[in-house]
Amino acid sequence: MAKTDENLQAAFAGESQANRKYLAFAKAADQEGLAQVARLFRAAAEAETVHAHNHLRVMGGVGKTADNLQAAIAGETYEFQKTYPAFIKQAEKDSNGKAGLSFQYANRVEQVHAALYKKAADAVAGGKDLPAAALYVCLTCGNTVEGDPPASCPVCGSGRDRFKKID
């Protein structure tokens, strides 16, 4: 792999992480009553998204939806089969319960995501979109559900009020 290709991958990862970090920083600033600082963090986060998307586009990382779904299925499956099980074991070994719980939540939800992507891939392969349905995400663990959220999250046990509707 050419060094520039490696640099594009590193830049994409860095910009993506910066976006998420700045959104978390904005949330903290909002909670502290610092509305304009929060707005600055959100603006910078949006700029980091522009950078990440530019790098991904140059890398050829976005294709047709059918191909993108297969890439998403492969990524989610790798995470729940390989990445998170190893992370969970290491967290247990290190007696880091908070990290272990975070990894366990992610591991279970990646399985949900893979199944949802598979359902979407099957629809697209049949020349169709998914049927219209509300989508909700649990703000505690990230569990993603179609239709009305459950009374309690099957992954983390949080109540229905912790689910955010995705538009």
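Each value in this text was obtained by applying a stated rule to the coordinates, not by laboratory testing. All values derive from a computational prediction rather than experimental measurement. Neighbour counts run over all protein chains shown; Cβ positions are idealised from the backbone, glycine included.
Cα to Cα, under 20 Å, and not fewer than 8 places away if on the same chain: which lysines meet these conditions relative to Lys93?
Within the straight-line cut-off, Lys93 pairs with Lys82.
Which parts of segment 86-109 would a label at Lys118 reach, counting a residue when its backbone N lies under 17 Å from a point 7 Å out along Cα-to-Cβ?
107-109
How high is the relative contact order of the chain, in percent, counting Cα pairs under 8 Å that sit 6 or more residues apart?
Working: 183 pairs, mean separation 25.4, N = 167.
Normalised by residue count, the contact order of the chain is 15 percent.
To make sure I understand the rule: partners must be aspartates and glutamates, Cα under 16 Å from the Cα of Lys21, and not fewer than 8 residues away in the same chain. Which ones qualify?
Filter leaves Asp30, Glu46, Glu48.
Go through segment 7-112 and name the GluC sites (Glu not before Pro) that are in a DSSP coil and have 10 or fewer other Cβ atoms within 10 Å of their Cβ.
Numbers: sites: Glu15, Glu32, Glu46, Glu48, Glu76, Glu79, Glu92, Glu110; in loops: Glu32.
Here the sparse-neighbourhood loop sites are Glu32.
Hey, what does the equivalent ellipsoid look like for segment 91-167, semi-axes from the Cα gyration tensor as sqrt of 5 times each eigenvalue, largest first, whole Å?
On the way: eigenvalues 151, 56, 10 Å².
For segment 91-167, the ellipsoid semi-axes come out as 27, 17, 7 Å.
Rounded to the nearest 500, what is the chain's calculated 222 nm mean residue ellipticity when only DSSP H runs of at least 4 contribute -39500 (n - 2.57) each, over all residues? Before the final figure, lay out the partial values.
Details: 5 runs with 106 residues, N = 167.
About -22000 deg cm²/dmol.
Along the positive direction of the dipole of segment 50-164 (beta-carbon charges: Lys, Arg +1; Asp, Glu -1; about the Cα centre), which of Val62, Val137, Leu101 reaches farthest?
Ranked along the dipole, the leading option is Leu101.
Compute for segment 57-128: radius of gyration divided by Kirkwood radius, i.e. Rg/Rh, restricted to C-alpha atoms, rounded to two decimals.
Values: Rg = 15.2 Å, Rh = 13.5 Å.
Answer for segment 57-128: 1.13.
Quick one: which residues, 5+ away or cross-chain, put their amide H under 5 Å from the amide H of Phe163? H built at 1.01 Å from N.
Amide H neighbours of Phe163: Leu139.
Please list, in order along segment 120-130, the HN-Hα scalar couplings obtained from phi with the Karplus expression 6.51 cos²θ - 1.76 cosθ + 1.60 (θ = phi - 60°), rounded to whole Hz, x for Gly and Pro.
Working through the residues one at a time gives 5, 4, 4, 5, 5, 4, x, x, 10, 8, 5 Hz.
Let me know the charge dipole size of segment 14-167 about its Cα centre in debye, to the nearest 20, where only the beta-carbon of Lys, Arg (+1) and Asp, Glu (-1) is charged.
The dipole of segment 14-167 has a size of about 140 debye.
What base-10 log of the normalised intensity I(q)/I(0) is obtained for segment 3-58 from the Debye formula, alpha carbons as equal point scatterers, at q = 0.14, 0.22, 0.29 Å⁻¹?
Debye intensities relative to I(0), on a log10 scale: -0.40, -0.72, -0.99.
Expressed in whole Å with the largest first, what are the equivalent ellipsoid semi-axes of the chain derived from the C-alpha gyration tensor as the square root of 5 times each eigenvalue? Can you show the working numbers first?
Working: eigenvalues 123, 121, 84 Å².
For the chain, the ellipsoid semi-axes come out as 25, 25, 20 Å.
Considering the chain as a Gaussian network with a 10 Å cut-off on Cα pairs, which listed residue, Thr140, Thr49, Thr77, attains the greatest mean-square fluctuation?
In the Gaussian network model the winner is Thr49.
Which lysines, if any, have their Cα less than 16 Å from the Cα of Lys128, not counting same-chain residues under 8 positions apart?
Answer for Lys128, where 16 Å is the Cα cut-off: Lys64, Lys118, Lys119, listed by chain and number.
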